[in-house]
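*Asks:* Quick one: the structure is below, questions incoming.
The values are calculated or read from the model by the stated rules, or taken from the named source; none is laboratory data. Just so we're clear, the structure is a prediction, and the values are computed from it rather than from any experiment. As a convention, Cβ positions derive from the backbone with ideal geometry for all residues, glycine included, and neighbour counts pool all protein chains shown. The protein model used for the area step is the full one, side chains on, heavy atoms only, and it has no ligands, DNA or RNA in it. Shrake-Rupley method; radii C 1.70, N 1.55, O 1.52, S 1.80 Å.
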Amino acid sequence: KKAPSGASPGGARGAPAAAPAAKKAPAPKAPPAASADDAEPEDDAEKVSWYRKRADGGDADAQYNLAVCYDEGKGTAQDLPEAARWFQKAADQGDGDAQFSLGVCYHEGKGVAKDDAKAIELWTKSARQDNADAQFILGWSSNQPPE
């Protein structure tokens with residue numbers, strides 16, 4: 001999992017003056033299928049429905065994956081506020097990748113009001129879960145002492 005597509009989280013505290021754009025979100029990961037009927041569909045529009053069902057049930061991975069679909073307009077119309085809402089739901093459950101992506105949303109003002117303090121707060125939570133992208137943005141190293 002990575003930042004929403006097209007995100008460029010440069011300029012955060014500790015980041016280089018011209019930080020590279022965050023990588024486009026990779027294909028969402030699917031939880032193991034319980035049966036052939038429960039397998040993740042191949043069609044993008046069907047995936048949105050599949051993720052939605054699981055996301056509504058509280059599955060953080062599905063919430064993150066649904067957010068990526070809304071962010072990229074993959075299988076559904078692009079809807080940045082809806083993407084941010086689903087990133088928030090997954091981030092609230094402690095998903096480090098969702099915390100990072102939601103931080104990018106706040107930094108860029110994508111689907112939410114621009115708020116760099118909130119972005120840094122979310123990136124810090126994500127970095128503490130060993131999210132390398134968040135650590136890079138914040139200028140952390142693997143030798144950073146734990147708090």
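Condition check ((1) more than 12 Å from the chain's Cα centre (by Cα); (2) charged (D, E, K, R)) across all residues:
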{"residue": "Cys69", "(1), (2)": "no, no"}
{"residue": "Asp95", "(1), (2)": "no, yes"}
{"residue": "Cys105", "(1), (2)": "no, no"}
{"residue": "Lys114", "(1), (2)": "yes, yes"}
{"residue": "Ala117", "(1), (2)": "yes, no"}
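*Asks:* Taking the criterion of being open to solvent by 20 Å² or more (accessible area, probe 1.4 Å) and hydrophobic (A, V, I, L, M, F, W, C), would at least one residue in the range 82-100 satisfy it?
*Replies:* Looking through the range 82-100, none of the residues is open to solvent by 20 Å² or more (accessible area, probe 1.4 Å) and hydrophobic (A, V, I, L, M, F, W, C).
*Asks:* Report whether or not Glu121 is acidic (Asp, Glu) and out of contact with any helix residue (DSSP H, G or I) (no Cβ under 9 Å at 6 or more places or on another chain).
*Replies:* In short, no.
*Asks:* Those residues that are in contact (Cβ under 8 Å) with a residue 60 or more places away in the chain and open to solvent by 20 Å² or more (accessible area, probe 1.4 Å), I need them from the range 45-79; list them, please.
*Replies:* Selection gives Glu72 alone.
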